[in-house]
Amino acid sequence: MRRMGFIAMAGLLALAPGAWALPRITAAVCFAGDAPPALGQAWTLSPLLLGPIALFLMYAVGVARLWRQAGAGRGVSVWEAAAFGAGALVFLLATMWPLDAYAAWSLAAHVGQHMLLLAVAPPLLLAGRPLAGIAHALPKAWSRRLHRWAGPVHGWLAGRLGMATAAHAGIMVLWHVPAAIAVALSDPLLHFAMHAAFVLAGMWFWIAVWRRIREPEAGVAPALVALVTVTVVMGFAGALLTFAPRILYPAYALRAPLLGLDPLADQQLAGLLMWVPSCLPYLAGGLWLLVHGFDRLRRQHGGAVTTGRH
């Protein structure tokens, strides 16, 4: 249990510094007044992204060292390492290239960036047991200190699934209110707050859900309710954007045409991204819990029947 806590919190540490890199660069793009960059030039480069990148590299070094000492797939499986790599790639696609640059001109790109930070990158990073890798890249004394600090924090976060669900759904909805998007596009500090909120809310929710996935005795039913709740809220918000008969985000009415997009079509695409693909991680988590929950019940029932016969 403590090991799972250390692992989950390391994912939070990996993502949180990167969120600080978003507002300055994005704000500069939003107010540059120039035409959108070509795809090959749509880079968001900031020294503040060096923090998460360094942690991603530390994970790779640590896993390589762990496998060299214990054997490939020991401590961190190949699939877990691949999941972490995928999560790191998703995070960089959202913050470095190309979505962060195009989010200034396209609502669909902006919503896609939000959904990657909220729903996709966190579960992948946490699935990779990040602390198990990072700890092996640190001196032993530092690793022990990190373990002692992260355990209680993770326990608090993982044990409050209801609060995490409310924060996850609430932040997703509130920051997609048209007025909130408009203000965030015009204020660098609020733009930072928006992206930081998505990252932190995503990590908190998935820390709590991953605990139920890895430890079913912690409560499968509450995790299923949480996943269904978030899926319904996200799907409803996406449907509202998809079927809205008029443009809800005036800022993008002027920006989207610069990318060759019809503003209403861009808004509908943003709604579809929120409605369909963004719900897949929650559905996958729910299916995993159902399958393994039923399997656990079957084994318990089979054991009870066997005991009764004797």
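Observations
- Considering only residues in segment 109-136 that are open to solvent by 10 Å² or more (accessible area, probe 1.4 Å) and of a type in the set (G, A, S), the one that is farthest from the chain's Cα centre (by Cα) turns out to be A135.
- Test: residue in segment 161-169 that is touching a Cys at 6+ places or on another chain (Cβ under 6 Å), open to solvent by less than 30 Å² (accessible area, probe 1.4 Å) and of a type outside the set (S, T, Y): no
- Scanning segment 246-255 for residues that are modelled with pLDDT of 95 or more and farther than 14 Å from I181 by Cα returns a single hit, R246.
- Count of residues meeting criterion [open to solvent by less than 30 Å² (accessible area, probe 1.4 Å) and either modelled with pLDDT of 90 or more or of a type in the set (S, T, Y) (or both)] in segment 138-154: 1
- Among the residues of segment 91-106, those that are within 13 Å of the chain's Cα centre (by Cα) and surrounded by fewer than 21 Cβ atoms within 10 Å (Cβ to Cβ) comprise L92, L93.
- Scanning segment 247-277 for residues that are of a type in the set (G, A, S), open to solvent by 20 Å² or more (accessible area, probe 1.4 Å) and at negative phi yields A251, A253, A265.
- Close pairs (9 angstrom Cβ cut-off, 6 or more residues apart or separate chains): farther than 18 Å from A164 by Cβ and open to solvent by less than 40 Å² (accessible area, probe 1.4 Å) in segment 229-241, of a type in the set (V, I, T) and assigned to a helix (DSSP H, G or I) anywhere: A237/V173; G238/V111; L241/V111
- Segment 148-185: number of residues that are under 30 Å from S106 (Cα atoms) and among the hydrophobic types (A, V, I, L, M, F, W, C): 17
- Here the condition is being modelled with pLDDT under 95 and loosely packed, with under 13 Cβ neighbours inside 10 Å; of H195, H310, it holds for H310 alone.
- Members of segment 46-72 found to be more than 24 Å from G202 (Cα to Cα) and exposed (fewer than 13 other Cβ atoms within 10 Å of the Cβ), listed by number: R68, Q69, A70, G71
The values are calculated or read from the model by the stated rules, or taken from the named source; none is laboratory data. Fair warning: this is a prediction, and the values are worked out from it, not measured in the lab. Positions of Cβ are backbone-derived with ideal geometry, glycine not excepted, and every protein chain shown enters the neighbour counts. Please note that ligands, DNA and RNA were not included when accessible areas were found on the heavy atoms of the full protein model with its side chains. Shrake-Rupley method; radii C 1.70, N 1.55, O 1.52, S 1.80 Å.
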